[in-house]
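As structure tokens, the structure follows; a few thoughts come after it.
The values are calculated or read from the model by the stated rules, or taken from the named source; none is laboratory data. A quick note: this is a predicted structure, and the numbers were derived from the prediction, not measured. In this analysis, Cβ positions are derived from the backbone assuming ideal geometry, glycine residues included, and neighbour counts consider all displayed protein chains.
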Amino acid sequence: MDRRGFLKTAAVAATSALAAPRLSLAAESRTLRFIPQANLANLDPIWTTQYVVRNGALLIWDMLYGVDDKLQPQPQMCEGHEASPDFKTWTFKLRPGLKFHDGEPVLAKDVTASILRWMARDATMGGPIKRQMDALEAVDDRSFRFRLNKPYPKMLFALGKSSTPSLFIMPERIAATDPFKQISEYVGSGPMRFNKGEWVPGAKAIFDKFEGYTPRGEKANWLSGGKRINFDRIEWQIVPDVGTASAALQNGEVDWWETPSSDLVPLLKKNPNVAVDIADPLGNIGSFRINHLHPPFNDVRARKAIQIALSQEDYMGAVVGDDESLWKTIPGFFTPDTPLYTEVGGEPLKGKRDYELAKKLLAEAGYKGEPVVLLVATDVGITKSQGDVTADLLKRIGVNVDYQALDWGTVGQRRAKKDPPAQGGWNIFHTWHAGADCVNPAPYIALDASGDTAWFGWPKSDLVQEKIGAWYAAPDLAAEKTVIAELNKAAMDHVVYVPTGFFKQYQAWRKNISGVVKAPFPVFWDVTKA
Amino acid sequence: MLSYIVRRVVATIPVVLMVALFVFSLLYIAPGDPAAIIAGDQATPADVDRIRASLGLDRPFLVRFFDWFWHVLQGDLGTSIFTNLPVTHMIAQRIEPTVSLMTLTLILSLGCAIPMGVVAAWKHGTWIDRAVMMTAVLGFSTPVFVIGYVLAYIFALRLDWLPVQGFTSISQGLWPFLRNLILPSVALGLVYMALIARITRATMLDVLAQDYVRTAKAKGVGQRGVLFVHALKNAAVPIVTIVGIGFAALIGGAVVTESVFAIPGLGRLTVDAILRRDYPVIQGVVLLFSFVYVLVNLGVDLLYTVFDPRIRY
């Protein structure tokens, strides 16, 4: 090569080297890198009820109705509906132009197949609708109809519910999969398509923009309105270590972290390039779950002993630390700052904690120092913190605590056992409920007091069940409020479980990201990156 | 030699078989239920039972074991309970990061530890020896994750030289590949480096006191020749042994390192599978690790013949 040739080559190389970063910067602004709350190990939102799966599914599959920030269901895939005056017949029409990622149109037969699969797994609303359903039929390609033998006024809420499992619309061939088996094809009609080729479960999941998606005309509001995606690619990066996730966000290697650990938030707040705010305004309710089947807690007096001794301040301090803006006490079961929130019947959770009265009530319940099995999932911060406070509380009121440190997988198995605690069963375990699931009785499985078929702990109260039934029949908000106040009191009197407080969590993102909203799920539409 | 290799490879079969049976039994008696995890909080006990049945987890132990083992013999490690993907596919996805991490760690640690050990032995009793040994003690006694955090803080957050986390395939270019691996390799390699440096020093001290070394010096062989040709070659057998044994520690360390640096390797796959009770994945990965470990030991045995001609199989 002569001198001129060398200089020419060098000039071309230098120009390319300069151009490359510009191209990559452009690509960079079209890619959103997100750390989700947990590992995305699969993507069947009906087969599993994990929230992280639901959150990923919201990108791939669309819903018939979507809730807005007032918790009202708004039409999403549906153009509209007609309900008979007795709420027994519901007819829906799909909006035109809906397409699946494989190019096929969304038809009513896809919707009915999806509804049937969802009904088989949704114990809170889908199952009850199915039990009172005479027919679910495709009227034409764009219309479908429910014919029920009992009124069901809450149909729109059911079709748009955000609590898991939510109703996602899949092609008929996929929706025909046994609801107890996992689907293997992830074709939806949502704004993003799943890039299965690049999926490394436990490490990354890639979503590419679906150009065939037609957003609604309205402004996006949580799961309703126009879902306009401003990225070609959304990368979910699974970072299991919170310290690493925090460093990656500060270093600009990721754009948005869904659930930063509360003890790292002060550090993130100091970083001028990072924004931190409440993630979910509906927060979470901590739960002291009691087994109603075995002594001493098969006696309501023993359960009340816990209720009057338990300090929500202690629990919340342990769960979220010193940041008082993150938590509040709740003498009730429903999510604070939502229309149905009530404190009626919540007196036992208020005021000074009374250990002496608790000891007296336990004695009256016949408790004589037998070991009380407390299952603590020590690999989950929230349950570990609650478990430690409970161990201390129980000792204070003279209970012989058998603290069993386990991982969440084992607690998940043990809590299903109805055997006596001495034979592998349990008395107490801790969990928490998403506030979005506690806004009314429909998704609130933890409040169910139907005995054998109730959630773990198997509380049984006819009065609680009667009030839940009354809510379903309530014709308007005023009637709902009246019923919920009575339900809250009945559940408090029966001590279905003991709420340990209401707490929120943060989310954090780089400041070149805008449009991040507070919601019970990450909302990717309308988010932009500078 | 060839017949020895064949015999050793054949001998790995019962070892791997025993490992398979042991792991399967351990998982069978371990608490935890993947069906309950899949079903989630909203599921009824009947739903959990149906999921368990659909996964075949309600079948008797022996039926499950022989079914699984029969498939393993055909090269099929099964399908992940959670991802619905073949275990072989999941392992294949994760091999490159782990092999890359381990290779770079080995290169870094051997490249540093052996000269350190040789120099420490050569300068025995001086400040150089003490400095090398102090570094070794520090590397040996500091947990991998602490080293990882400190390195990430200094070189990623403060200096912004290297990324905190992630992995880039070598197909994307050598520098992007190395950028992601330098910090984890150093973090993982420090323990290994400390171990090898100590053994090298101890063995070299022993060898340097031998008559043939004195003879070599008397013949006028230079210091470098004495150390690296005469002494180090004769000290190699214990060093190679410790390199092989340390491989197990490297696998354990990779689990932690991959989690701290978010490297999508086999270590993280193992941890995730254990936490979720993804039995086919756990079994597949443990089987692979045990097989590799047996092969590494075979490799070590064969290397003995290179360093010590008196050893013959």
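Considering segment B:76-127 alone, what residues qualify as being in contact with a strand residue (DSSP E or B) (Cβ under 9 Å, 6 or more places away or on another chain), away from chain A (no Cβ under 11 Å) and part of a helix (DSSP H, G or I)?
B:Val87
So, B:Pro45, is that one within 14 Å of chain A (Cβ to nearest Cβ), touching a residue at least 60 places away in the same chain (Cβ under 8 Å) and surrounded by 13 or more Cβ atoms within 10 Å (Cβ to Cβ) or not? Before the answer, list the steps.
Values: within 14 Å of chain A (Cβ to nearest Cβ): yes; touching a residue at least 60 places away in the same chain (Cβ under 8 Å): no; surrounded by 13 or more Cβ atoms within 10 Å (Cβ to Cβ): yes.
Spelling it out, it is not the case that B:Pro45 is within 14 Å of chain A (Cβ to nearest Cβ), touching a residue at least 60 places away in the same chain (Cβ under 8 Å) and surrounded by 13 or more Cβ atoms within 10 Å (Cβ to Cβ).
Mind telling me which of the residues A:Gly217, A:Gly197, A:Gly212, A:Gly190 ends up being more than 14 Å from chain B (Cβ to nearest Cβ), surrounded by fewer than 17 Cβ atoms within 10 Å (Cβ to Cβ) and either touching a residue at least 24 places away in the same chain (Cβ under 8 Å) or part of a helix (DSSP H, G or I) (or both)? Let's see the steps before the verdict.
Details: A:Gly217 fails: either touching a residue at least 24 places away in the same chain (Cβ under 8 Å) or part of a helix (DSSP H, G or I) (or both); A:Gly197 fails: more than 14 Å from chain B (Cβ to nearest Cβ); A:Gly190 fails: surrounded by fewer than 17 Cβ atoms within 10 Å (Cβ to Cβ).
Matching residue, one of A:Gly217, A:Gly197, A:Gly212, A:Gly190: A:Gly212.
Select, from A:Ala446, A:Ala434, A:Ala416, the only residue that is aliphatic (A, V, I, L, M), within 13 Å of chain B (Cβ to nearest Cβ) and buried (at least 24 other Cβ atoms within 10 Å of the Cβ). Reasoning before the result, please.
Numbers: A:Ala434 fails: buried (at least 24 other Cβ atoms within 10 Å of the Cβ); A:Ala416 fails: buried (at least 24 other Cβ atoms within 10 Å of the Cβ).
Answer to the selection: A:Ala446.
On the given criteria, is A:Val111 in a helix (DSSP H, G or I), at pLDDT 95 or above and not small (Gly, Ala, Ser)?
Yes, satisfied.
From the set of residues in segment A:229-251 that are farther than 19 Å from A:Val274 by Cβ and at pLDDT below 95, which is farthest from the other protein chains (Cβ to nearest Cβ)?
Of everything passing the filter in segment A:229-251, A:Ile238 is farthest from the other protein chains (Cβ to nearest Cβ).
B:Val137 fails exactly one of the following numbered conditions: (1) within 12 Å of another protein chain (Cβ to nearest Cβ); (2) not in a loop (DSSP other than H, G, I, E, B). What is the number of that condition?
(1)
Would segment A:162-182 turn up any residue that is surrounded by 22 or more Cβ atoms within 10 Å (Cβ to Cβ), on the phi > 0 side of the Ramachandran plot and not hydrophobic (A, V, I, L, M, F, W, C)?
no
For segment B:140-171, enumerate the residues that are touching a residue at least 60 places away in the same chain (Cβ under 8 Å), part of a helix (DSSP H, G or I) and either within 14 Å of another protein chain (Cβ to nearest Cβ) or within 15 Å of A:Gln250 (Cβ to Cβ) (or both).
Across segment B:140-171, the qualifying residues are B:Val144, B:Phe145, B:Gly148, B:Tyr149, B:Ala152.
If I filter segment A:262-311 down to residues being among the acidic types (Asp, Glu) and farther than 22 Å from A:Phe334 by Cα, which single residue comes out as surrounded by the most Cβ atoms within 10 Å (Cβ to Cβ)?
Among those residues, the one meeting the criterion is A:Asp299.
If you go through segment A:246-295, how many residues are free of Cβ contacts under 8 Å to residues at least 24 places away in the same chain and in a strand (DSSP E or B)?
0
Could you run through segment A:399-442 and say how many residues are of a type in the set (Ser, Thr, Tyr) and either in a loop (DSSP other than H, G, I, E, B) or in contact (Cβ under 8 Å) with a residue 40 or more places away in the chain (or both)? Reasoning before the result, please.
Here is the first cut: in segment A:399-442, the residues of a type in the set (Ser, Thr, Tyr) are A:403, A:410, A:431.
Now narrow it down to the ones that are either in a loop (DSSP other than H, G, I, E, B) or in contact (Cβ under 8 Å) with a residue 40 or more places away in the chain (or both): A:431.
Qualifying residue count for the region: 1.
Can you confirm whether B:Leu183 is surrounded by 16 or more Cβ atoms within 10 Å (Cβ to Cβ), within 14 Å of chain A (Cβ to nearest Cβ) and either farther than 20 Å from B:Leu110 by Cα or touching a residue at least 24 places away in the same chain (Cβ under 8 Å) (or both)? So that I can check it myself, show each step before the final result.
On the way: surrounded by 16 or more Cβ atoms within 10 Å (Cβ to Cβ): yes; within 14 Å of chain A (Cβ to nearest Cβ): yes; either farther than 20 Å from B:Leu110 by Cα or touching a residue at least 24 places away in the same chain (Cβ under 8 Å) (or both): yes.
Considered against the rule, which asks whether it is surrounded by 16 or more Cβ atoms within 10 Å (Cβ to Cβ), within 14 Å of chain A (Cβ to nearest Cβ) and either farther than 20 Å from B:Leu110 by Cα or touching a residue at least 24 places away in the same chain (Cβ under 8 Å) (or both), B:Leu183 comes out as yes.
Test A:Pro475 against the criterion of being surrounded by 24 or more Cβ atoms within 10 Å (Cβ to Cβ) and assigned to a loop (DSSP other than H, G, I, E, B), and give yes or no.
Against the criterion (surrounded by 24 or more Cβ atoms within 10 Å (Cβ to Cβ) and assigned to a loop (DSSP other than H, G, I, E, B)), A:Pro475 does not qualify.
Has segment B:223-245 got any residue that is more than 19 Å from B:Thr200 (Cα to Cα), hydroxyl-bearing (Ser, Thr, Tyr) and touching a residue at least 24 places away in the same chain (Cβ under 8 Å)?
Checking segment B:223-245: not a single residue is more than 19 Å from B:Thr200 (Cα to Cα), hydroxyl-bearing (Ser, Thr, Tyr) and touching a residue at least 24 places away in the same chain (Cβ under 8 Å).
Filter segment B:271-313 down to residues that are surrounded by fewer than 18 Cβ atoms within 10 Å (Cβ to Cβ) and among the acidic types (Asp, Glu) and give me whichever is modelled with the highest pLDDT.
Only one residue tops the list, namely B:Asp301.
Given the conditions (1) outside any helix (DSSP H, G or I); (2) within 24 Å of the chain's Cα centre (by Cα); (3) not aromatic (Phe, Trp, Tyr), report the number of the one that A:Gln465 does not fulfil.
Among (1) outside any helix (DSSP H, G or I); (2) within 24 Å of the chain's Cα centre (by Cα); (3) not aromatic (Phe, Trp, Tyr), A:Gln465 violates only (1).
Any residue in segment A:155-168 that's within 14 Å of another protein chain (Cβ to nearest Cβ): show its pairings with residues that are acidic (Asp, Glu) at Cβ separation under 6 Å, as long as the two are six or more apart or on different chains.
Listed pairs, sorted by first residue: A:Ser163/A:Asp437; A:Pro165/A:Asp122.
From the list A:Thr383, A:Thr453, pick out the single residue that is under 25 Å from the mean Cα position of the chain (by Cα), within 14 Å of chain B (Cβ to nearest Cβ) and under 23 Å from B:Gly32 (Cβ atoms).
A:Thr383
Given the criteria more than 30 Å from B:Met204 (Cα to Cα), part of a helix (DSSP H, G or I) and basic (Lys, Arg), does B:Arg130 qualify? First the steps, then the outcome.
Values: more than 30 Å from B:Met204 (Cα to Cα): no; part of a helix (DSSP H, G or I): yes; basic (Lys, Arg): yes.
So B:Arg130 does not fit the description; no.
When residues of segment A:388-399 are filtered for being of a type outside the set (A, V, I, L, M, F, W, C) and either within 14 Å of chain B (Cβ to nearest Cβ) or more than 19 Å from A:Leu357 (Cβ to Cβ) (or both), how many remain?
Summing the residues that are of a type outside the set (A, V, I, L, M, F, W, C) and either within 14 Å of chain B (Cβ to nearest Cβ) or more than 19 Å from A:Leu357 (Cβ to Cβ) (or both) in segment A:388-399 gives 1.
In segment A:44-66, which residues are more than 14 Å from every other protein chain (Cβ to nearest Cβ), in contact with a helix residue (DSSP H, G or I) (Cβ under 6 Å, 6 or more places away or on another chain) and either assigned to a helix (DSSP H, G or I) or modelled with pLDDT under 95 (or both)?
Residues satisfying the conditions do not exist here.
Among A:Pro348, A:Pro336, which is the only one that is in the same structural domain as A:Asp476 (by TED's automatic domain parsing) and outside any loop (DSSP other than H, G, I, E, B)?
None of the other options fit; the residue is A:Pro348.
Evaluate the following for B:Arg268: is it modelled with pLDDT under 85 and either within 14 Å of another protein chain (Cβ to nearest Cβ) or crowded, with 24+ Cβ neighbours inside 10 Å (or both)?
no
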